[in-house]
Amino acid sequence: IRVQSPDGVKRITATKRETVATFLKKVAKEFGFRNNGFSIYTNRNRTGEITASQNKSLSLLKIKHGDMLFLYPSSPAGTSSETMDTSVSQNLRPVGAPQVVEDEIDQYLIKQDGKIYRNRDQQLCHHSPLGKCVHCVPLEPFDEDYLNHLEPPVKHMSFHAYIRKLTGGADKGKFVALENISCKIKSGCEGHPPWPEGICTKCQPSAITLNRQKYRHVDNIMFENHTIADRFLDFWRKTGNQHLGYLYGRYTEHKDIPLGIRAEVAAIYEPPQIGTQNSLEILDDPKAEVVDEIAAKLGLRKVGWIFTDLVSEDTRKGTVRYSRNKDTYYLSAEECITAGYFQNQQPNICRLSPDGHFGSKFVTVVATGGPDNQVHFEGYQVSNQCMALVRDECLLPCRDAPELGYAKESSSEQYVPDVFYKDIDKFGNEITQLARPLPVEYLIIDITTTFPKDPVYTFSISQNPFPIENRDVLGETQDFHSLATYLSQNTSSIFLDIISDFHLLLFLVTNEVMPLRDSISLLLEAVRTKNEELAQTWKKSEQWATIEQLCSTVGVQISGLQDYGAMGGSTHAASAAMWACQHCTYMNQPGTDHCEMCSLPRT
């Protein structure tokens, strides 16, 4: 017996002599309802309701094989399922999709109208002020003609505009499901031996034809201020070696594009790495989990990664080489694969996907030379198709051509589906090519990268900032000597301004001498909310008093350090208690002249 509901049609197996009550229990179990959470009718217009009865059988109700019944969920009082507008898409979820909690920005944009409102045209509109015509009626957020006429033109609609396009039909997207591409053989097929001995059409993944993605998950990247980028570029300026960092910030609304999303960058964390003039190697980072935890408590998250590709052209003029352009490449295949790897690590939570996630908001920023031979920041993402090829290990870089990738061939260890792309031949005809090799431009989505006219400062800016982590090659180390130097050179009288430094907060949490991971939550909340009173409360704790004592043992004269203290003791008494070796930072007992760890004399 077929049962049609707002979520689709399902078939229920029953016998003629089965009671109506037993049949309704089967329906409730199949659709996931409680027994009284729905009603079933024999007619579409909600007539001929079938009520639970232990005495009546299906044959008495003249229900026979192949009949169609109609199920309607019981609506809560005061609501009506008949009145729907574009905002109902927030309740859409494909059958079988898991319950997920989307990002705050997604939840906000779902509730927005999103339509593009236009003013009355004085020449073309001949109706009353309250009327509307084709020249002034609001446009949908996915209107391609409108996006193409923006300045500059927008090639990719926003992801939420794409969702509105899918859910804007008469069925309100009832059957929309954003399915992730899989390049792997489906497991559980028992009709034949496993690969490479056998494969069938049921378990074989479909061939992939690469298309340029029409939407993007992030529409703009904005650094809060120039200082964030300048401090990152200082490494290249001082060494000439390339450098990499992770972008920490938040996702906000980008109002220049309908239903757009902006990634705002508040800080850059530089992980352990080995950089040369033309290569980068990312090392294992034991502090990665802690950094994400501290960032979350500060209201931030990892939104992307940034790397440099800079070659100095004229040191006297301060110019750099313009190497990434339409004649070479914008992102190399190896960089696309790395970006795909990062995007797979940071999936975008999505209610319309059966997997609970679809695509990613993780962005890639390249600091490279522009047409004017100055440093430019270019933003990118790779497409969802590229993410799938990288996740299932189907894409390789080419050794001699950075602008080309290569789709792997099937082997006895792995089956790889055919990957194609469409091109134009010399006669102007559209042809389909096998992706061996593959121009990576089919995988790239460009994103505008900007700086605001009015800078924003999540963290305070100092003329003598605290050193950035993992820059030992420059002689810039994070230790209590550098902390004491930072405190001695900071002239601010506001404790919150002194302590509001992302790299300083990470040092307080991750240093090996006095880690504050379990006792710094109050201070992080003060920095997040810019609350000086909370910061003053934490300043009076024993942890900060201990930090002061450690700073006072390194031989740096800190003017006014006592003013920050909580214990009321003098710095001389603290230095008489314990002293830190300037070579290995080991805390030694008072009265000793040589370090107990490295045996070097006290300086």
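The values are calculated or read from the model by the stated rules, or taken from the named source; none is laboratory data. Keep in mind that what you see is a predicted model, and the values were worked out from it rather than measured. Using ideal geometry, Cβ is built from the backbone for each residue, glycine included, and neighbour counts are taken over all protein chains shown. Quick note on the areas: whole protein, heavy atoms, side chains included, nothing else; ligands and nucleic acids left out. Shrake-Rupley method; radii C 1.70, N 1.55, O 1.52, S 1.80 Å.
Hey, could you pull the Cα Rg and Dmax for the chain, both in Å?
Calculated on Cα positions, Rg and Dmax stand at 31.2, 102 Å.
For T529 paired with R399, estimate the spin-label separation in nm (one decimal), with each label point 7 Å from Cα along the Cα-to-Cβ line.
According to this spin-label approximation, the distance is 6.0 nm.
Would you mind getting me the FRET efficiency between V9 and D454? Use the beta-carbon distance for r and R0 = 41 Å, nearest 0.05.
The computed FRET efficiency comes out at 0.15.
Find the all-direction average of the projected area of the Cα convex hull for segment 139-269, expressing the result in square nanometres with one decimal place.
14.3 nm²
Using 0.36 nm times the number of residues separating N45 and R316, minus their current alpha carbon distance, what extension gain do you get?
89.4 nm
Find how many whole Å separate the alpha carbon centroid of segment 304-332 from the alpha carbon centroid of segment 133-160.
33 Å
Just in segment 405-437: which GluC sites (Glu not before Pro) are loop by DSSP and have at most 16 other Cβ atoms within 10 Å?
Filter output for segment 405-437: E409, E413.
If you count the DSSP beta bridges with both ends in the chain, what percent of them are antiparallel, to the nearest 5?
Among the beta bridges of the chain, antiparallel pairing accounts for roughly 75 percent.
Between T537 and V137, what FRET efficiency comes out of the Förster formula 1/(1 + (r/R0)^6) with R0 = 51 Å and r the beta carbon distance, rounded to 0.05?
With R0 = 51 Å, the Cβ-Cβ based efficiency is 0.35.
Return the whole-Å distance between the Cα centroid of segment 428-475 and the Cα centroid of segment 113-131.
Segment 428-475 and segment 113-131 have Cα centres separated by 40 Å.
With every protein chain kept in the model, how would you rank D518, D501 by accessible area, 1.4 Å probe, largest at the top?
Largest accessible area first, the list is D518, D501.
Give me the accessible area of D256, 1.4 Å probe, in Å² rounded to the nearest 10.
Counting only protein heavy atoms, the figure is 110 Å².
Describe numerically, in nm with one decimal, the distance between label points set 7 Å from Cα along Cα→Cβ at Q374 and at L61.
Result for the modelled spin labels: 7.5 nm.
Hey, can you grab everything whose amide H is under 5 Å from the amide H of S5? Only 5+ residues off in sequence or another chain; H modelled, so Pro and N-termini drop out.
Distant-sequence amide H within range of S5: K10, L71.
Could you put M222, M68 in order of accessible surface area, largest first, with the 1.4 Å probe and the full protein assembly present?
M68, M222
Given R₀ = 25 Å, what would the calculated FRET efficiency be for E281 paired with S182, taking r from the Cβ atoms and rounding to 0.05?
In this case the efficiency is close to 0.25.
7 Å from Cα along Cα→Cβ at both E334 and T239: what's the point-to-point distance in nm?
Reported label-point gap for E334 and T239 is 1.7 nm.
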